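Below you'll find the structure, written out as structure tokens, and then a few comments.
The values are calculated or read from the model by the stated rules, or taken from the named source; none is laboratory data. Please read these numbers as outputs of a predicted model, since none were measured by experiment. As a convention, Cβ positions derive from the backbone with ideal geometry for all residues, glycine included, and neighbour counts pool all protein chains shown. These area figures cover heavy atoms from the full protein model, side chains too; ligands, DNA and RNA do not enter into them. Shrake-Rupley method; radii C 1.70, N 1.55, O 1.52, S 1.80 Å.
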Amino acid sequence: MATTQQKDYYGALGVKKTASAEEIRKAFRKLARKYHPDVNPGDKKAEEKFKEISEANDILSDEKKRKIYDQLGFYSDQIDPAQAEAYARQQSGGGGMPVDFGGFDFSGFQGGGAYVLDETAHDTSGAKLKIAPWSACEGNYFQAMGIRLIQGRLFNADDKQGAPLVALVNQKLANRFWPKGDAIGRRLRIGTPEAKTPWVTIVGVVENTKMNALDAPDKEQVYAAAQQMTSMYGQFAPADQGGFNGFIVLRSTLPPEQMTNSLRSAVAGLDPLLALQQIQTMDQQLSSSEAPRRFNTSLISVFAVGALLLATIGVYAVIAFTVSMRAQEMAIRMALGSRRGQIVRLVLNSGAKLAAIGCAAGLLGALAVSKLLGSMLFNVSATDPLILTGSIATMILLSLIACAVPAQRAASANPVDALRSE
């Protein structure tokens, strides 16, 4: 089967990959004037060139199409942008599969990607190209990672090269194509119908895992037995299997710092030339992936605490000023029989009303920007009633505390002195 070549749209227009939209537009206009059929009547080469630059401009001038092209090296209307982005982020290792996927060249891809399902799959998406990460694993990977088996079985020692090809899928993929829960025994394979790669039998369904971030949506994923991965490519298997990168997952009750040297010794015993790099605990890995979000959260928290302090100080200043201006009124009230407790409640009520007005305005503002706030939260709604109620209660409580000093001062003032001062 012939391998199609990826089209170099940037080269067709003579621009760099970092070119702006304006630079792409200018380059296309310049070439269009040169190769337009009206300017070159009967010139087949000019006509082909015009078609080429028109196609390139159509892709590169559209932000969404250009993003998919930059990620995958080609573009098709059948590609889901979300799947393309997830796939591009998940690919790692070496090798590739030079297969004609309906006109697409996947020779630069690694780790699988596109896949075909058997006739039992209930596919209502209508997408011709399905993409999911393929992860090759062996040993007790799922037990070490804590990935729970939902249905079927995990890989075992019999799943080796020459044995029937098997794979595991996650719940997302199984529920999408076999919603009745009958994914076990179904088949899928790498590529498209034209690729004629071997069928792989699904023997287990495992729970979904987060691929890039804890708040990322669940994606379809396929797990293959490492020793069978080459066979799954069939006649399109890369000749050179060197260069594949991988990860060793180790679960232990011992402290991580005590396991590092033992792990290095074990790997060196298998192959002294095998490099072992970037040893991390799962906590460190999670911390690294969540660092940008943690920074944003910390920064927003600092501003929030600052805003809360300013609001509290502001309430105190306003109430203190109001009490000083109403000193004569307070004196008259006490002279007419008002108790000190009533004066304190009067001042506190004024502060509570002020805080309530501010909370109402803040609540409307929070609802207005709830979508923006939601993008920065994980497993928490930006309009969670409990959180909003707690925030309002906290603000009112701090406002009452801020009003306590002016209220006590007003209640402890001598009415006679206050009246004489006027």
Q: Enter the Cα centre distance for the pair region 13-70 and region 253-287, rounded to the nearest angstrom.
A: 51 Å
**Q.** Long-range amide H partners of Val206 with built H, under 5 Å
**A.** Ile150, Val169, Asn170, Gln171
Q. Assuming R0 = 35 Å, what is the FRET efficiency of Glu23 and Gln277, from their Cβ-Cβ distance, to the nearest 0.05?
A. 0.35
Q: For region 258-328, report the accessible area per residue in Å² (1.4 Å probe, heavy atoms, rounded to an integer).
A: 74 Å²
Q.
Going by amide H atoms built from the backbone, whose H comes under 5 Å of the H on Glu138, apart from near neighbours?
A. Ala226
Q. In nanometres, what is the gap between the two model label sites at Ala213 and Ser54, each 7 Å from Cα along Cα-to-Cβ?
A. 4.1 nm
Q | Amide H partners (placed H, <5 Å) of Gly113, local residues excluded | A | Ala132, Trp134
Q.
Through the Karplus equation 6.51 cos²θ - 1.76 cosθ + 1.60, θ set to phi - 60°, convert the phi angles of region 45-61 into ³J(HN,Hα) values in whole Hz; use x for Gly and Pro.
A. 5, 5, 5, 5, 5, 5, 5, 5, 6, 5, 5, 4, 5, 4, 7, 6, 7
Q.
Over 24 Å between Cα atoms: which of Lys7/Lys130; Lys160/Lys219; Lys65/Lys371; Lys17/Lys49; Lys49/Lys196; Lys17/Lys65 fall into that group?
A. Lys160/Lys219; Lys65/Lys371; Lys49/Lys196
Q.
Ignoring ligands, DNA and RNA, please state the percent of accessible area on region 177-323 from carbon and sulfur, probe 1.4 Å.
A. 60 percent
Q: Would you mind telling me the antiparallel percentage of the DSSP bridges in region 148-284, rounded to 5?
A: 60 percent
Q | Whole-Å distance, taken between Cα centres, linking region 298-368 and region 127-182 | A | 61 Å
Q) For region 279-326, what is the Kirkwood estimate of the hydrodynamic radius, computed as the reciprocal of the mean inverse distance between distinct Cα atoms, to one decimal in Å? A) 13.7 Å
Q: First obtain the Kirkwood hydrodynamic radius of region 238-350 from its Cα pairs, then insert it into the Stokes-Einstein equation at 4 °C and 1.567 mPa s, and state the resulting D in µm² per second as a whole number.
A: 61 µm²/s
Q) What value does region 352-412 have for Rg/Rh, both radii from Cα atoms and Rh as Kirkwood defines it? A) 1.15
**Q.** Viscosity 0.692 mPa s, 37 °C: Kirkwood-radius Stokes-Einstein D of region 171-299 over Cα pairs, µm²/s
**A.** 176 µm²/s
